1. Any idea which residue in the range 506-550 is farthest from residue 417 (Cα to Cα), counting only those that are surrounded by fewer than 17 Cβ atoms within 10 Å (Cβ to Cβ) and free of Cβ contacts under 8 Å to residues at least 40 places away in the same chain?
2. Taking the range 246-270, which residues are open to solvent by 40 Å² or more (accessible area, probe 1.4 Å) and in a loop (DSSP other than H, G, I, E, B)?
3. Filter the range 157-166 down to the residues that are part of a helix (DSSP H, G or I) and either in contact with a Ser or Thr (Cβ under 8 Å, 6 or more places away or on another chain) or open to solvent by 10 Å² or more (accessible area, probe 1.4 Å) (or both) and list them by number.
4. Working only within the range 366-390, note down all residues that are open to solvent by less than 20 Å² (accessible area, probe 1.4 Å) and among the polar types (S, T, N, Q).
5. Can you name every residue in the range 354-383 that is of a type in the set (S, T, N, Q) and not in a strand (DSSP E or B)?
6. Starting from the range 93-120, keep only residues that are within 25 Å of residue 726 (Cα to Cα), then list their pairs with residues that are in a helix (DSSP H, G or I) and among the acidic types (Asp, Glu) whose Cβ atoms are within a distance under 6 Å, requiring at least 6 positions of separation or different chains.
7. Please determine, by comparing only the residues of the range 4-18 that are within 19 Å of residue 346 (Cβ to Cβ) and touching a residue at least 12 places away in the same chain (Cβ under 8 Å), which one is most open to solvent (accessible area, probe 1.4 Å).
8. If you scan the range 164-182, which residues turn out to be more than 24 Å from residue 631 (Cβ to Cβ) and touching a residue at least 60 places away in the same chain (Cβ under 8 Å)?
Amino acid sequence: MEKYKDASLNTQKRVEDLLARMTLDEKIAQLECTMVIGEPSEAAKNFPNGLGAAVAFAAAQDPMGVAENNGKVISNFANKRLGIPPLVHVEAVTGVVSPGGTTFPSAIGLGATFNPDTIKEMADTVRQQMAAIGYRHALSPVMDVSRDPRWGRIGETYGEDPSLCAIMSVAYTKGLQGEDLKDGAIATAKHFLGYGMSDGGLNMASNPIPARELREVYAKPFQAAITEGNLRGVMNSYGTIDGEMIIGSKRVLTDLLRGEMGFEGVCVSDYMSIERLNNYHILPDLESAGIAALKAGLDVELPMPRGYGASLAQAVNEGMLDIAGIDRSVRRVLAAKFELGLFDAANAKVETLAAAYGDPKHMARSLKAARESIVLLKNDGVLPLSKDIKTIAVIGPHANSIRLLFGCYTLPAGIEMQMSNSMASDMAGLDGMEDFANASATPQPEPEFYPGSDVLKERPDVEAVLDMALGAFTPTILKSIKAKAPSANVIYAKGADIAGNGRDGFAEAVEAAKQADAVIMTIGGKYGWGANCTIGEGLDRDDIDLTGIQGELAKTIIEAGKPTVVVHMDARPLSNAYIKDNAAAVLENWFPGSTGGQALADILFGDYNPAGRMPVTAARNAGQIPIYSGQKNGNAYYAKGTLGALNRYVEGDREPLSYFGEGLSYTTFAYENLSVTPQTNANGEVEITFGLINTGGFGGEETAQLYVSDEYASMLRPAKEFAGCKRLFVKAGERKTVKFRVRADQFAFLDADMNWIVEKGKMNVSVGASSEDIRLNGSFEITETARIDGKARGFYAKSEAL
């Protein structure tokens with residue numbers, strides 16, 4: 001038996017034996033991918049040496065159909081001579097994007113849970129459902145730190161704070177990859193690096209991030225997942241750092257990612273990013289772009305061979321490319337496949353399919369995440385509503401829509417994209433995507449724009465199709481409200497669309513409000529792909545207020561004089577001061593997924609006590625951007641007490657509309673008895689404990705937060721650095737003790753010579769309910785200055801309830 005087939009040998013020995021048996025063309029095939037549309041056996045004829053990776057677009061309507069199609073892809077695209085199977089990938093940022101998959105809240109909503117246990121449970125569901133249908137490589141999670149709400153992809157991130165993003169990224173990575181990768185799937189951290197901070201908040205624009213901030217802030221979630229989660233996959237960013245496109249940057253993809261950060265897994269390209277080296281006038285053709293990407297450190301080109309392929313073999317044969325570079329990347333791909341157990345069991349684990357898709361725990365996990373993601377920003381006492389209420393007016397475009405419960409990178413968004421010519425026509429303009437565009441487009445009437453807007457109206461039959469596919473287990477907000485208050489007279493009026501200036505529905509909405517005892521108003525955006533959405537990939541905005549005339553509608557309804565609960569649903573936070581100041585209650589509901597209607601109704605009527613927290617700071621307007629809680633001393637609203645008179649907006653406000661970590665409950669909590677280890681050395685640990693008492697009349701969760709600041713430092717440091725959190729349930733009248741364990745090197749930074757150091761000095765500790773609502777203060781002393789290994793440092797506080 002060949003050594004590479006011997007499962008008793010270690011991965012390295014198996015890889016080296018197999019690599020020695022491969023021809024140059026077979027090696028290069030392992031660095032290629034293709035999009036399989038239609039019958040796999042036909043497409044496979046173009047790849048006689050097999051493929052390293054594949055993405056399949058099946059016509060299947062259920063998990064078993066997907067598993068069968070993936071089985072065909074795996075068998076047809078395997079290297080037959082050596083038995084090397086392809087690795088099939090799928091998107092899974094909010095659940096596996098496949099028929100029957102459980103959908104969770106958008107990632108920004110997951111960030112709002114402040115609960116890594118929930119994210120790990122979600123990723124475990126994704127792991128089980130992927131493996132059951134033959135997907136072993138997820139192009140998720142998104143580890144970008146996002147500090148600009150203009151950027152349309154903010155909803156794919158966990159928020160603005162590097163420590164919060166690190167907490168969630170590690171949880172997702174561990175949940176997806178599992179204890180043993182043979183039972184898991186590869187997590188792919190994206191987009192490396194700095195993608196969430198771009199010129200103008202525009203997608204794919206340059207990223208003006210200095211080297212120090214790049215490492216301390218934007219690389220932190222990736223480093224935490226590498227160090228603590230054994231991350232096995234990374235995807236490059238489309239962006240540019242210091243004039244160098246990341247797809248062609250050895251400094252970023254090799255020197256930083258592998259040299260400084262110690263990453264040992266597979267680096268795959270974001271779709272068609274090699275082509276941008278040519279499109280952005282860096283290199284004259286795709287062949288030279290492919291060579292540059294490989295030399296930079298990219299392993300596999302997704303989703304099809306444009307820069308890789310025959311040109312790499314030619315470059316090797318002509319002496320333009322050292323075969324050692326090919327071998328380096330092939331080793332990584334083969335190692336991943338051995339670690340996943342693909343050589344022993346490549347196909348879908350269909351024996352687990354019934355449990356993966358039928359076990360009610362998965363939908364229960366989705367409901368838990370949706371409930372935990374909702375943030376109560378304001379409550380004048382109108383909430384929770386009584387189930388005996390007589391008349392409720394439900395107003396707004398999101399209330400009676402299945403589609404608007406879901407964000408981007410979900411099956412409903414994908415179904416709409418496939419039904420829409422708008423995205424298909426956009427994709428057709430990209431080299432190599434013509435087949436995808438043709439397969440995605442179905443006949444429809446001439447596109448129609450919302451009046452006064454460049455947003456396309458939704459195809460009329462989208463809701464009917466989604467209701468047929470998902471309606472049985474995806475109740476709308478309106479339906480969920482009716483179920484909670486069955487004796488109430490529930491009046492629905494749409495009022496306005498998500499975009500445009502049509503006011504035809506205003507009168508009906510006002511009349512409904514006047515008849516009601518309370519108004520529930522749903523407003524916000526539409527998150528997905530293509531010109532019929534207001535936010536998503538390639539859908540950025542220079543105005544961060546509500547789209548269309550929804551703000552005007554909200555003002556009109558509030559002025560009708562009835563208690564109005566505003567439910568904001570978008571991937572960016574509410575940036576409308578009038579609504580926050582004048583509505584009776586305000587909730588951030590993001591895009592909550594399959595169970596979102598039920599989760600919201602549970603909170604509205606008091607069956608669940610909200611405890612979500614803002615994962616981002618809400619700017620009042622685009623002029624405040626960037627504004628975030630981790631800003632350095634002297635910046636933004638942290639300039640108070642420094643040179644305030646020389647650091648302000650004329651006729652404006654430095655304070656945000658909502659603070660990072662902000663969120664209310666139906667009960668109240670008191671914090672007491674802070675205890676902090678008084679001192680530690682550079683490699684030591686500090687324990688921080690305090691009491692938490694539920695002083696109100698409801699049982700509920702509190703999301704306690706830890707912030708630390710450096711009293712004096714040799715480099716400019718954050719005025720208040722989020723260090724960790726603990727979400728815990730406390731009964732009415734009950735007291736619990738919370739303990740944080742914090743390593744001193746969690747507060748390491750890069751000195752003037754770009755060395756990671758822990759610096760001697762006093763560290764101030766703050767504990768509270770948000771970055772602004774601080775309840776307890778203390779301090780500890782670091783007794784020495786020391787250089788450290790940055791990749792082995794602490795990333796966030798470990799927490800427990802006692």
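1. 511
2. Residue satisfying the conditions is 264 alone.
3. 162, 165, listed by residue number.
4. 366, 373
5. Once the filter is applied, which keeps residues that are of a type in the set (S, T, N, Q) and not in a strand (DSSP E or B), the range 354-383 yields 366, 373.
6. 93/156; 107/156; 113/372; 115/372; 118/372
7. 5
8. Those that are more than 24 Å from residue 631 (Cβ to Cβ) and touching a residue at least 60 places away in the same chain (Cβ under 8 Å): 170, 176, 181, 182.
The values are calculated or read from the model by the stated rules, or taken from the named source; none is laboratory data. These numbers come from a predicted model, not from an experiment. Heads up, the Cβs are rebuilt from the backbone with ideal geometry, glycines too, and the neighbour counts pull from every protein chain shown. Surface accessibility is based on the protein's heavy atoms, side chains included, excluding ligands, DNA and RNA. Shrake-Rupley method; radii C 1.70, N 1.55, O 1.52, S 1.80 Å.
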